[in-house]
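The values are calculated or read from the model by the stated rules, or taken from the named source; none is laboratory data. In this text the structure is predicted, and so the values were computed from the model without any measurement. Using ideal geometry, Cβ is built from the backbone for each residue, glycine included, and neighbour counts are taken over all protein chains shown. Side chains included, ligands, DNA and RNA excluded: accessible areas come from the protein's heavy atoms. Shrake-Rupley method; radii C 1.70, N 1.55, O 1.52, S 1.80 Å.
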Amino acid sequence: SCVVAAPGCGIFFESWVRLGTGRRVIFLYDSDHPRMTCRACKVGWSLADAKACPRCGGAEGLLLPPPGAAGAKRACGVLARSEGPSATLEWLVWGPEGHDPKRPHGWDIRDHLGQALDARGRLPLLAELFAKVNPIPDDWLAGRSLASRKVGSPAMESLECDAWAKLQNGWRKALQWPPPPEDGLDVTLSCMLATIVSTPRVGTQLWLRVLSPAATGKSVLCEALAVAKDHVFAKSTLRGLHSGFQDDKEAKEDHSLLAKVNGKTLVIKDGDTLLRAPNLDQILSEFRDVYDRASRTSYRNKASRDYEGLAITVILCGTGSLHKLDSSELGERFLTVRIYDEVPEELEEEISWRVACRAERELNMESTSDPETQETPEMTDAKRLTAGYVGWLRGNGDRLFKGVRFDEAELRRCQRLGQFCAFMRSRPSKTQDETVERELSPRLVSQFVRLAKCLAVVLNRASVDDEVMRRVRWVAFNTAHGQTLKLSKMLRRAGLAGSSVPGVCILTGEGEDKTKSLLRFMHRIGIVETIQERVNGHVARTKWRLTARVASLWEEIDRAQDA
């Protein structure tokens with residue numbers, strides 16, 4: 001046992017935290033009566049001493065909780081965000097309101113035990129005291145975990161959640177959650193969860209890039225995922241995945257990010273900062289290496305690290321600026337989901353009004369370091385439910401995946417989406433023009449199959465159904481987003497008759513030189529072909545149209561969607 005004699009209920013030093021690690025901690029503060037603070041002259045007094053201000057005689061004031069109860073709550077907060085959690089937290093409840101109104105203000109343990117003169121008489125009094133010891137109220141640590149955390153970094157505690165519908169309802173209370181077909185937030189959250197649940201599964205890894213204009217909810221979703229610390233490793237920015245740092249005393253310790261994130265999902269909230277990183281090429285190279293579940297490196301300080309059997313998924317969030325990272329010649333690893341391309345005017349009106357109302361309510365609350373005071377209760381609950389759902393999905397993965405049926409028709413749809421996306425996300429090389437290549441489709445096909453089944457698990461579906469495939473199609477077209485897709489849509493409307501370069505320029509709004517360059521690239525990788533328009537038996541001009549293979553992929557994808 002350990003007894004700490006505090007000089008006052010308002011004092012609890014950080015150095016005392018280690019004394020309670022793993023122990024039953026009981027706060028035995030005094031039976032202090034509530035206090036009032038005069039609104040006129042700001043003088044404070046105990047209600048046990050007087051009903052009115054002793055200075056000005058005013059009876060109106062701000063009622064403050066009993067100092068003993070307030071001190072116990074404050075100390076619990078310090079312990080809850082410290083390294084090495086306490087086993088239990090309890091406090092001495094003198095009365096219904098935290099004090100005994102029948103006793104004088106400041107009545108304490110010595111006063112209580114002092115009612116008897118010897119040990120025989122004090123033992124019953126001691127038993128009477130411990131009968132008043134109760135667990136701290138739930139709202140003292142609402143949303144916080146007693147798990148190991150660094151001082152000053154309070155952690156939310158997850159809420160139990162085992163159904164997608166329950167999680168949706170939680171988010172509908174916290175944010176404007178539009179219904180289909182504008183349900184970008186809903187689709188994005190489900191894809192994020194699918195990425196996380198796929199982490200320990202065998203096969204091609206599922207990496208996700210979330211793009212959207214500023215202030216559309218990316219950061220909120222990332223912070224919600226970050227609550228699930230057992231399965232998610234969240235960082236706002238990063239400078240690399242490897243570290244060659246060595247401490248002479250602990251030369252064997254691995255300081256690399258890979259050592260911390262293995263088996264988890266790395267969530268990068270502010271991916272746009274990568275564009276300004278001086279070692280951007282190195283970071284992207286490390287990512288491509290890790291995607292293959294192995295990474296090996298060496299440093300000039302004679303240190304080297306070899307990682308094999310890695311299971312790491314990545315969620316990279318940012319604005320459309322991240323398209324600058326697109327490089328099909330190096331092989332893209334990320335699938336892309338966009339929350340919104342452009343927010344409809346009516347939806348923006350609804351969102352902005354809801355934000356205005358929430359901002360007004362938030363001004364009525366005071367923020368502290370405690371997580372439950374940082375946001376509205378609805379937002380806190382949504383984040384905690386998200387963490388709980390992540391834990392449930394990962395904890396029941398084997399059972400959930402075995403319960404999902406994947407029919408041949410849906411497998412074919414994933415295959416076609418992968419082949420289509422392999423064409424459409426191809427880009428001309430930024431570094432050379434000697435050769436023109438596009439990626440083959442097997443990696444994309446594998447990723448879409450993986451995404452479809454993981455989405456079925458997240459959405460609590462017994463099979464990969466139409467709703468699951470609607471979301472997969474959303475991701476496929478977001479991944480293919482770009483000038484190649486835009487130009488293909490224009491030519492598809494032209495049909496077999498094709499369109500001339502000036503006609504394409506009018507539809508796309510691009511210059512003729514840029515359009516010709518892109519068309520030549522698309523021709524070399526098999527997306528478009530040329531035909532000669534003849535007038536009176538003479539060649540009038542060259543037209544462009546989709547090849548039979550690409551046109552057939554368009555038709556199959558649309559036919560499956562309509563069905």
Item to complete: Given the conditions (1) among the acidic types (Asp, Glu); (2) open to solvent by less than 60 Å² (accessible area, probe 1.4 Å); (3) modelled with pLDDT under 75, report the number of the one that residue 289 does not fulfil.
Response: (3)
Worksheet, complete the sentence: Apart from one, (1) at pLDDT below 85; (2) open to solvent by 60 Å² or more (accessible area, probe 1.4 Å) all hold for residue 511; the odd one out is (2)
Practice prompt. Specify which of the listed residues (185, 225) is crowded, with 20+ Cβ neighbours inside 10 Å and in contact with a Gly (Cβ under 6 Å, 6 or more places away or on another chain).
Written response: 185
Worksheet item: farther than 14 Å from residue 28 by Cα, modelled with pLDDT under 85 and part of a strand (DSSP E or B): does that describe residue 79?
Response: no
Item to complete: Select from segment 196-230 the residues that are part of a loop (DSSP other than H, G, I, E, B), under 19 Å from residue 348 (Cβ atoms) and of a type in the set (S, T, N, Q) and list them in ascending order.
Response: 212, 216
Worksheet, complete the sentence: Checked pairs for segment 548-559, first under 16 Å from residue 525 (Cα atoms) and among the hydrophobic types (A, V, I, L, M, F, W, C), second part of a helix (DSSP H, G or I) and open to solvent by less than 30 Å² (accessible area, probe 1.4 Å), C-beta under 8 Å and 6 or more apart or across chains, list as 550/420; 550/423; 550/488; 553/420; 553/423
Worksheet item: Mind checking which residues of segment 374-428 are assigned to a loop (DSSP other than H, G, I, E, B), open to solvent by 40 Å² or more (accessible area, probe 1.4 Å) and over 27 Å from residue 199 (Cβ atoms)?
Response: 374, 375, 427, 428
Discussion item. Going by what's in this entry, would residue 177 be described as in a helix (DSSP H, G or I) and either in contact with a strand residue (DSSP E or B) (Cβ under 8 Å, 6 or more places away or on another chain) or within 26 Å of residue 356 (Cα to Cα) (or both)?
Written reply: no
